[in-house]
């Protein structure tokens, strides 16, 4: 009977399986036909059947398919999926299924947040939100929901369920035998992925850091490790707990492989989150402990990786060798990869493109795991080079084997046994003119791993000016070469052979100055140079650009608009003034008098609102007003003139800000580890303090590593973390204080000089609910002050050499220090050296004597310190004086070194190089190829500009090119013998600057110097405030007086526009008068540059590994069909600018504060008078305030304030009187605020 029942059960299961297979085939057919609705209907049927039969695998599979189709077909998207999965959890046939669904649901919430994170960030928060609609949830609420569900999936009952029971719904794992044997493992690692993702902790206050060294102790100790309450509030703490539970599970069940694997992962987690300078030491000790207990532990690979990251390859190798004895194919393959990388060979060869004849050739070699180097030098003829042109690397090397070498030699490389890349410099010997190929190999014969490069030996060099001319000179002396034959070859692409073909075009010879005109060639071309027995063929590709890129003259007319402010409410008047100008690219601008101009007002969609026509006056100006639209599309609007020119303004509804928030400078110096006190204040624009208002603050710390070398940039990632938040109240003076500890992040090595930038943000809310914010950044390091020495890098010996010391705390506030300045003079070098094209080599093949004998034109070491002599020591105290006098310094180069101490006794040192020059001396201030200096900073017209040129070369040929108005006016060769003076005439037509360039080639190096003779236009007006008040009373008459004068304080006739508007509007949109620079400045035309060619570095490198690695990847089981993240999402409609309101205090309606509550504002600093090319005043500040002495009430009627206009006045056509004065009469309005005054003046001549 039992046997019969068993057979019947098997038969029933067989029929059920067949039924499911048939249904899924039907689903697949619908998918092929792109019929998702029919497929969904079929899936729902499978889902119901699986639920009734309590078939877990089919139940989960059907659910996942159902969610996939719902995403395609339902606009509710994730919202519908969430409801569906929640319902499925209730209908789950077994507990295991329920736990899996909790984990899936958690992931759906996570995906929803990731897809909508930016949109949710834009929403304003509500204090309470009990809605079940996830479209209204905050980031915190969504994150919390995901966390709860992931944790809910980790029921201990899952530890008794084998993961193999769900193999039908899981992608099969690879090389993970016995590492995650239970359902609990599967669910736990899904949760770990979430809890360790940095993106999910962005909104958290504080950072998850482990400080207890016991976290690196044995698995048993870690299982029962307790943490502080602060740590337990962090999201990552859940990951720590999961690791504890996993270890307990496998420790109890004696799962050795799983226990070892999780223990290694646990240590990695602790290491990444441990805050202590000894974390490397703790981590390696813990891994070694695991290896001691289990010689086959995966900790072997982890420890090898630690030493590999530290570039301590010698220590890594023994552990790698131990791993290779394992039977685990996965860790063997990873270890083999490490070993291959460590033992790989590498060879790099660097050489200059063209070297001088009969001179030892210097080359830089980089090598790894090599002891000797074989060099083969082959001289190439044209036929051999042509054969090599289209060969691949292997064919190239095979052909080189057939060519005879003119030099074969072996170099014993400097010893190294650390598996690292090292570099040295070698001599390739000297050769006559011609083309050679250098082959380098680690084997005696040329093999497949050899590297090669063609080098040219020639005394010919050339420069190219755009596409027009060539300049051919001697590569050693720089002298122009006459009679150099230059052949031009046109290149065209052959479609049949798929190769470029060269065809002779023409040839030319250089003239007395070494110049050649380049012929007009339509296609790409190459050039060869022949001079006597010297032939230079670099196979460089050139292109003739026929486009004329010379500066072209042009004119334009436009209106420069000025408005009374930048932002307006609907239906408000918009006052404007226009200045009509004709601007030329090569002449002074002029105003347009009596010009009819049509001005139009457009909305945000460039639809016309209104147009008006004006006629400009004798100053080229006109003024008028438009009315902002009452309704319709608001936003950015524009005022435009038909002759050109526009001004953008903003029209929108807004509430006028009543107060502002600001931070004060730090009062003393701080460094890392100190407790910081930061002060701020909240004050009304009328000047009164806001007392007892709520101040919410957030402090974030950003760690960066600006001083790390580029090859270690990957070591750390710069990131921002929230370290503190809180709420405080302002005092009776409107001030508030924030205290926090500026602690370093102990995960980072202080020797790497991390920068700590503390970002403090505050939101201040007054009694009416109005909120304003402010942010301050405090940069802290391990020194409490910053010191700079302000002095020009070059000083004329005739000028008073005064150095100014600026000493401040790290917030920029003055901090007195005392100390000394050491003045050291560099000893002048006896000879000139070539600059290397590569970085300093670390290993030396030759002694200094050998090197100097082989390479007389190169320094033995770039790091060789130039000798210095201590001239004097000067004491200073910035409390008494910031200036230090440096009298009686002779011509030469100096190093100024300032030494002091901060308030903590930490030494502060800074250095600056200073050059003292004497224009009367016959030598330059340092040993150099060419030193130049203009005799003045600016030149008036007419005058003579003098350029001083000095050289340490006995006879230096230099090509001088002078450029005026964007075109070359003259060009000539000059010869500098120690010192030379060049005179250039400066005429009135040269206003807008003269440019010049100095080009020369000497000692196989090219030099290009550009400089400018500044010739300004006489277009400046001076504006001086004669009388004004920066504290005003409401509803009173005022008169301000200004004086306008020319460059030399002469009287001028000018017109001025002036406006005064409410400074609180700057919170929305800053307002500045747009003043274009109208006078032409002739910039250097780059097409006139002489560019030196063939002065560059050639490089070739090759690396190869010893072992072949079979790829064994490790993949853990994952849910099939869970591709929700990759589906097309129908986003919610809440992503528009009408944002959802979320979790924050509701803002009550604003109320008006009584006048009696307003205190007298302090006197506000005004901006300094601007000296511009016409004349302008930007942001002069004035205050409207209530009276300070409040008298007792009288029986007189109370004055009700009515005039609250945001613009106090707009005066568009103020004109100077006979004395050059402008009088501004106005009546203050009754809004208690701070006011900005802006003015602009111009004469008829601009």
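A few points about this structure:
- Restricting 434, 466 to those that are within 30 Å of residue 1008 (Cβ to Cβ) and in contact with a helix residue (DSSP H, G or I) (Cβ under 6 Å, 6 or more places away or on another chain) reduces the list to 466.
- Any hit, the stretch 958-969, residues being in a loop (DSSP other than H, G, I, E, B), touching a helix residue (DSSP H, G or I) at 6+ places or on another chain (Cβ under 9 Å) and at pLDDT below 95: yes
- Residue within the stretch 901-908 that is part of a loop (DSSP other than H, G, I, E, B) and either over 39 Å from the mean Cα position of the chain (by Cα) or at pLDDT 95 or above (or both) present: no
To keep it simple, each residue is scored yes or no on (1) closer than 24 Å to residue 684 by Cβ; (2) touching a strand residue (DSSP E or B) at 6+ places or on another chain (Cβ under 7 Å); (3) in the same structural domain as residue 967 (by TED's automatic domain parsing).
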site: 1028; (1), (2), (3): yes, yes, no
site: 1032; (1), (2), (3): yes, yes, no
site: 1043; (1), (2), (3): no, yes, no
site: 1050; (1), (2), (3): no, no, no
site: 1055; (1), (2), (3): no, yes, no
site: 1059; (1), (2), (3): yes, yes, no
site: 1068; (1), (2), (3): yes, yes, no
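- Any chance residue 658 is surrounded by 16 or more Cβ atoms within 10 Å (Cβ to Cβ) and either touching a helix residue (DSSP H, G or I) at 6+ places or on another chain (Cβ under 7 Å) or modelled with pLDDT under 90 (or both): yes
- Test: residue 276 is surrounded by fewer than 20 Cβ atoms within 10 Å (Cβ to Cβ), within 32 Å of the chain's Cα centre (by Cα) and outside any helix (DSSP H, G or I): yes
- Lone qualifier among 265, 232, 252, 288 - being free of Cβ contacts under 8 Å to residues at least 24 places away in the same chain and under 30 Å from residue 138 (Cβ atoms): 232
- Test: residue 846 is outside the structural domain of residue 1100 (by TED's automatic domain parsing), modelled with pLDDT of 85 or more, under 37 Å from the mean Cα position of the chain (by Cα) and surrounded by 13 or more Cβ atoms within 10 Å (Cβ to Cβ): no
To keep it simple, each residue is scored yes or no on (1) closer than 23 Å to residue 1019 by Cα; (2) in contact with a helix residue (DSSP H, G or I) (Cβ under 6 Å, 6 or more places away or on another chain); (3) in the same structural domain as residue 634 (by TED's automatic domain parsing); (4) modelled with pLDDT of 90 or more.
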{"residue": "514", "(1), (2), (3), (4)": "no, no, no, yes"}
{"residue": "525", "(1), (2), (3), (4)": "no, no, no, yes"}
{"residue": "577", "(1), (2), (3), (4)": "yes, no, yes, yes"}
{"residue": "587", "(1), (2), (3), (4)": "yes, no, yes, no"}
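- Top-ranked residue in the stretch 618-650 [being free of Cβ contacts under 8 Å to residues at least 40 places away in the same chain and over 19 Å from residue 557 (Cα atoms); ranked as surrounded by the most Cβ atoms within 10 Å (Cβ to Cβ)]: 637
- Single condition residue 1072 does not satisfy, out of (1) within 37 Å of the chain's Cα centre (by Cα); (2) surrounded by 17 or more Cβ atoms within 10 Å (Cβ to Cβ); (3) modelled with pLDDT under 85: (2)
- Restricted to the stretch 1012-1042, and to residues there that are modelled with pLDDT of 85 or more and more than 46 Å from the chain's Cα centre (by Cα), the residue that is surrounded by the most Cβ atoms within 10 Å (Cβ to Cβ) is 1040.
- Verdict on residue 489 being more than 30 Å from residue 959 (Cα to Cα), surrounded by 14 or more Cβ atoms within 10 Å (Cβ to Cβ) and not assigned by TED's automatic domain parsing to the domain that holds residue 1069: no
- Within the stretch 314-431, helices (runs of 4 or more DSSP H) holding 3 or more residues that are under 40 Å from the mean Cα position of the chain (by Cα): 329-343
- Residue 1162 being within 30 Å of residue 140 (Cα to Cα), at pLDDT below 70 and exposed (fewer than 14 other Cβ atoms within 10 Å of the Cβ): no
- For the stretch 903-919, the set of residues classified as out of contact with any strand residue (DSSP E or B) (no Cβ under 7 Å at 6 or more places or on another chain), closer than 20 Å to residue 792 by Cα and exposed (fewer than 15 other Cβ atoms within 10 Å of the Cβ) is empty.
- Subset of the stretch 884-902 [loosely packed, with under 13 Cβ neighbours inside 10 Å and in contact with a strand residue (DSSP E or B) (Cβ under 8 Å, 6 or more places away or on another chain)]: 885, 890
- When the stretch 203-229 is filtered for residues that are without any contact (Cβ under 8 Å) to a residue 24 or more places away in the chain and not in a helix (DSSP H, G or I), the ones remaining, listed by number, are 212, 224, 225, 226, 227, 228.
- Looking only at residues in the stretch 1-39 that are closer than 25 Å to residue 96 by Cα and at pLDDT 55 or above, the one that is surrounded by the most Cβ atoms within 10 Å (Cβ to Cβ) is 20.
- Unique residue being under 30 Å from residue 1098 (Cβ atoms), surrounded by fewer than 20 Cβ atoms within 10 Å (Cβ to Cβ) and not assigned by TED's automatic domain parsing to the domain that holds residue 1006 when the list is 348, 315, 296, 364: 348
- Residue 802 vs. criteria at pLDDT 90 or above and either touching a strand residue (DSSP E or B) at 6+ places or on another chain (Cβ under 6 Å) or closer than 23 Å to residue 275 by Cβ (or both): no
The values are calculated or read from the model by the stated rules, or taken from the named source; none is laboratory data. What you see is a predicted model; the values in this text were computed from it and never measured. Reconstructed Cβ throughout: ideal geometry from the backbone, glycine too, with neighbour counts over all protein chains shown.
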